Amino acid sequence: TITDISDYFADIETNNEQLVIAVTDNTNPVLVETSIANNTLTLDFQDNQFGTANITVQATDGDGDSITDSFQVVVVSVNDIPSVAFPIVAVNIDEDGTYPPIHLSEVFYDPDVVVTNSDQLSYVIIENSNTPLVITAIDNGTLTFDFQDNQFGTANITVQATDGDGDSITDSFL
């Protein structure tokens, strides 16, 4: 958010363009970063953050006299949809081989889970195109593979992560 603040402060003895304006306090720079250049206040709201910040702006004239004005910024939490942070790579094994389990919390990302701990993801397998080759299961957020004896071929597997608001994302692999 960018705001022209040249008319917010006035001094009878000093032209407004000659006032030195600065942010002197920001109680929550993790939420919003502030800067002033050419009488323009910039509020740079940070991703995946919410809360309150109290910001104080000061105007100083050529004699060193100053005045401050404070305001509060409130950012309300919203649901962030999950995303695939690290896609599952193709699984290649020898016939009758095994493959280690995959922790799905390392595959899918949701800032509401990681940053605020206010949400959780649930996981489900929505496709396994070749169950005679491999049986897949999810237990406690861990995807497991049970490759069947004396079988070979290809299976398309799709896993879905869903947050508490019902928003979801999928990851597919062979």
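The values are calculated or read from the model by the stated rules, or taken from the named source; none is laboratory data. Given the structure is predicted, the values throughout are model-derived calculations rather than measurements. Virtual Cβ from ideal backbone geometry, glycine too; neighbours counted across all protein chains shown. The protein model used for the area step is the full one, side chains on, heavy atoms only, and it has no ligands, DNA or RNA in it. Shrake-Rupley method; radii C 1.70, N 1.55, O 1.52, S 1.80 Å.
Kirkwood radius and radius of gyration were both taken over the C-alpha atoms of the chain, and their ratio Rg/Rh is 1.32.
Using DSSP to call loops (not H, G, I, E or B), can you name the GluC sites (Glu not before Pro) in the range 59-161 whose Cβ has at most 16 other Cβ atoms within 10 angstrom? In loop regions of the range 59-161 (DSSP not H, G, I, E or B), the sparsely surrounded GluC sites (Glu not before Pro) are GLU95.
In the chain, helices alone account for a calculated mean residue ellipticity at 222 nm of -500 deg cm²/dmol, with every DSSP H run of four or more residues adding -39,500 (n - 2.57). Computed over neighbours whose Cβ is under 14 Å from that of ILE125, the net charge equals -4, Lys and Arg +1, Asp and Glu -1. Kindly state, to the nearest 0.05, the FRET efficiency for ASP94 paired with VAL114, given R0 = 41 Å and r defined as their beta-carbon distance. The calculated FRET efficiency here is 0.70. Centre-to-centre, using Cα atoms only, the range 13-48 and the range 117-156 are separated by 51 Å. The apolar share of the surface of the chain, taken as the fraction of accessible area on carbon and sulfur atoms (1.4 Å probe, ligands and nucleic acids excluded), comes to 47 percent. Shape class for the range 1-93: prolate, because the ratio a/c of the largest to smallest gyration tensor axis (alpha-carbon atoms, square roots of eigenvalues) is 1.5 or more and a/b beats b/c. Taking chymotrypsin sites (Phe, Trp or Tyr not before Pro) across the range 107-174, the ones in a DSSP loop with at most 15 further Cβ atoms lying within 10 angstrom of their Cβ are PHE152. Magnitude of the charge dipole for the chain, about its Cα centre and with charges confined to Cβ atoms of Lys, Arg (+1) and Asp, Glu (-1), is about 460 debye. You can think of it this way: the chain between ALA85 and GLU127 has 13.1 nm of extra reach, that is 0.36 nm per residue less the Cα-Cα gap.
For the chain, the relative contact order comes to 17 percent (Cα pairs under 8 Å, sequence separation of at least 6). Here the label points at PHE173 and ASN48, each 7 Å from Cα along the C-beta direction, are separated by 2.1 nm in the simple model.
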